[in-house]
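Please treat every number below as a calculation from the coordinates, not as lab data. Only a predicted model underlies this, so the values are computations on that prediction, with no experimental measurement involved. With ideal geometry, Cβ positions are generated from the backbone for all residues, glycine too; neighbour counts draw on all protein chains shown.
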Amino acid sequence: MILPLATTDNPVLRRMADPIKKFDDPVLQKLIDDMIPTMYERDGIGLAAPQINHSLQLAVIVPDPTRFQDFKGKKEEAIVIINPRIETHSLRKESQEEGCLSVPKYFGPVKRWKSVMVSFHDRHGEKHTMKSSGLLAKVFQHEIDHLNGILFIDKSPRIYKVTTL
């Protein structure tokens, strides 16, 4: 099922999302199962639960955002992160253009750490730590920002609208 998206006027996007404590909840598992195809169907490379009107510390991310098209046909493939936390990060940051499914047609440069080490639980409650760099690191940071009530437009020094996509 493709889920409706929250946009910038929705207060759920500005709240700190609630941690998840019960991983075997069938409602949680169904939500994850619906978030993955929603992300791919809307051509996203990440999707956080607040973006689909659920204030939960949950996001799904394309395993390799640079190869988005390779995963699009396999809608069950995604990194599921629950209660994520950035443990360490590089000293250097770099700026890259970002957009967001919840802020349609707007883009802007955002400065983010080049690499991050993130700890999180998977959909079954197992704890993982993952180091990422490049675009995947940016996606982790973007989605974790969503879980903390932060949008990319809050971090970009210049936002612009694209009228045709």
Residue by residue through region 115-146, note down the ones that are surrounded by 16 or more Cβ atoms within 10 Å (Cβ to Cβ) and assigned to a loop (DSSP other than H, G, I, E, B). 123
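Criterion first (touching an Asp or Glu at 6+ places or on another chain (Cβ under 7 Å), more than 16 Å from residue 120 (Cα to Cα) and part of a helix (DSSP H, G or I)) does residue 71 satisfy it?
yes
Let me confirm something: among 92, 85, 112, which residue is of a type outside the set (S, T, N, Q) and more than 15 Å from the chain's Cα centre (by Cα)?
Working: 85 fails: more than 15 Å from the chain's Cα centre (by Cα); 112 fails: more than 15 Å from the chain's Cα centre (by Cα).
The match here is 92.
Please determine whether any residue of region 85-101 is closer than 18 Å to residue 12 by Cβ and surrounded by 14 or more Cβ atoms within 10 Å (Cβ to Cβ). Working first, answer last.
Initial filter on region 85-101 (closer than 18 Å to residue 12 by Cβ): 100-101.
With surrounded by 14 or more Cβ atoms within 10 Å (Cβ to Cβ) added as a condition, the list becomes 100-101.
Among the residues of region 85-101, at least one is closer than 18 Å to residue 12 by Cβ and surrounded by 14 or more Cβ atoms within 10 Å (Cβ to Cβ), which makes the answer yes.
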Report the residue count in region 34-61 for those that are closer than 21 Å to residue 105 by Cβ and assigned to a loop (DSSP other than H, G, I, E, B). 5
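Residues being part of a helix (DSSP H, G or I) and in contact with a strand residue (DSSP E or B) (Cβ under 8 Å, 6 or more places away or on another chain): count how many of those fall in region 7-31.
As a first pass, look at region 7-31 and keep what is part of a helix (DSSP H, G or I): 11-14, 26-31.
Cutting the leftovers down to in contact with a strand residue (DSSP E or B) (Cβ under 8 Å, 6 or more places away or on another chain) gives us 28, 31.
Of the residues in region 7-31, 2 are part of a helix (DSSP H, G or I) and in contact with a strand residue (DSSP E or B) (Cβ under 8 Å, 6 or more places away or on another chain).
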Residues in region 147-163 that are within 20 Å of residue 21 (Cβ to Cβ) and surrounded by 19 or more Cβ atoms within 10 Å (Cβ to Cβ): how many? 1
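Filter region 147-165 down to the residues that are part of a loop (DSSP other than H, G, I, E, B) and either charged (D, E, K, R) or within 16 Å of residue 46 (Cα to Cα) (or both) and list them by number.
Let us first name the residues in region 147-165 that are part of a loop (DSSP other than H, G, I, E, B), namely 148-151, 156-159, 162-165.
Within region 147-165, 148, 149, 150, 151, 158 meet the criteria.
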When region 16-31 is checked residue by residue, the ones that are surrounded by 13 or more Cβ atoms within 10 Å (Cβ to Cβ) and in contact with a helix residue (DSSP H, G or I) (Cβ under 9 Å, 6 or more places away or on another chain) are 17, 20, 23, 31
So, in region 32-83, of the ones that are closer than 21 Å to residue 11 by Cβ and of a type in the set (S, T, N, Q), which residue ends up surrounded by the most Cβ atoms within 10 Å (Cβ to Cβ)? 51
